[in-house]
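K.L.:
The following block contains the structure, expressed as structure tokens.
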Amino acid sequence: AQTVTQSQPEMSVQEAETVTLSCTYDTSESDYYLFWYKQPPSRQMILVIRQEAYKQQNATENRFSVNFQKAAKSFSLKISDSQLGDAAMYFCAYRVNYGGSQGNLIFGKGTKLSVKP
Amino acid sequence: GAVVSQHPSWVICKSGTSVKIECRSLDFQATTMFWYRQFPKQSLMLMATSNEGSKATYEQGVEKDKFLINHASLTLSTLTVTSAHPEDSSFYICSASGLAGEASYNEQFFGPGTRLTVL
């Protein structure tokens, strides 16, 4: 069975500092996608960053970057220069790439990130 | 990015009544739509996957006769909670992905969610 584990229920970071959120997953598939989603108090799910498993290069999006370790099945999110608006629930998610069809997302339990001014 | 809307954003109903939630893709054709349920301070749980023109595929433990899903067009899917009870109170979120070959295919775009309260 495919599972996603986020071992940090809550994290806190000082404004302008850097924080890393952890995620591990379990799968026997070789072709898949990994995602980090942000869910602020409005509860709108927002895609933060995406990583294709076949790409060795870690994805980056402005202040957000990932450390993708395929062999270790690890996919951590680093947020640099943290801002007050980064405070939210962060969900790690996994999806198999079936090629011709869309697979469903499997979510971790989430990490609540607080940002201190 | 692509936009997905949900209506209503919140609804309160009496126990025993049915409630319909709409999910629309506004600027792309959604071949696949997903329905999730989220309890407070918990993660998203997939309820069902629907492909346009086909019957929905429900996850284990989800009652298909209670949660009716219709995906009759490439821009609209509906979730009907039939004979709602207080335990059905939750936050329901839909997501959609587009046609193969389109930019919207490789990503799921989420609606803003619907908060259902059953009295």
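The values are calculated or read from the model by the stated rules, or taken from the named source; none is laboratory data. These numbers come from a predicted model, not from an experiment. Because the Cβ atoms are built from the backbone with ideal geometry, glycine has one as well, and the counts that use them run over all protein chains shown.
K.L.:
Only one of (1) farther than 22 Å from B:Phe109 by Cβ; (2) hydrophobic (A, V, I, L, M, F, W, C); (3) in a strand (DSSP E or B) fails for B:Ala84. Which number is that?
P.N.:
With (1) farther than 22 Å from B:Phe109 by Cβ; (2) hydrophobic (A, V, I, L, M, F, W, C); (3) in a strand (DSSP E or B) applied to B:Ala84, the lone miss is (3).
K.L.:
Hey, could you check segment A:41-62 for residues that are closer than 17 Å to A:Ser30 by Cβ and part of a loop (DSSP other than H, G, I, E, B) and say which is farthest from the other protein chains (Cβ to nearest Cβ)?
P.N.:
A:Gln56
K.L.:
Does segment A:76-96 hold any residues that are among the basic types (Lys, Arg) and surrounded by 21 or more Cβ atoms within 10 Å (Cβ to Cβ), and which are they?
P.N.:
Matches in segment A:76-96: A:Arg95 only.
K.L.:
Something else now. All but one of (1) touching a strand residue (DSSP E or B) at 6+ places or on another chain (Cβ under 6 Å); (2) touching a residue at least 40 places away in the same chain (Cβ under 8 Å) hold for B:Thr17; which doesn't?
P.N.:
(1)
K.L.:
For A:Ile106, are the conditions met, namely being facing chain B (nearest Cβ under 9 Å), surrounded by 12 or more Cβ atoms within 10 Å (Cβ to Cβ) and in contact with a Pro (Cβ under 9 Å, 6 or more places away or on another chain)?
P.N.:
no
K.L.:
What are the residues in segment A:79-98 that are in contact (Cβ under 8 Å) with a residue 24 or more places away in the chain and within 21 Å of A:Tyr32 (Cβ to Cβ), if any?
P.N.:
Those that are in contact (Cβ under 8 Å) with a residue 24 or more places away in the chain and within 21 Å of A:Tyr32 (Cβ to Cβ): A:Tyr90, A:Phe91, A:Cys92, A:Ala93, A:Tyr94, A:Arg95, A:Val96, A:Asn97.
K.L.:
Return the residue satisfying two criteria in turn: it lies in segment B:65-108 and is within 12 Å of another protein chain (Cβ to nearest Cβ) and crowded, with 22+ Cβ neighbours inside 10 Å, and of such residues it is modelled with the lowest pLDDT.
P.N.:
That would be B:Gly98.
This table checks each residue for (1) under 28 Å from A:Thr5 (Cβ atoms); (2) touching a Gly at 6+ places or on another chain (Cβ under 7 Å); (3) acidic (Asp, Glu).
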| site | (1), (2), (3) |
| --- | --- |
| B:Ile12 | no, no, no |
| B:Met33 | yes, no, no |
| B:Ser54 | no, no, no |
| B:Ile93 | yes, yes, no |
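K.L.:
What single numbered condition from (1) more than 18 Å from B:Ser97 (Cβ to Cβ); (2) within 11 Å of chain B (Cβ to nearest Cβ) fails to hold for A:Ser65?
P.N.:
(2)
K.L.:
Does B:Tyr58 satisfy being under 17 Å from A:Met45 (Cα atoms) and within 14 Å of chain A (Cβ to nearest Cβ)?
P.N.:
no
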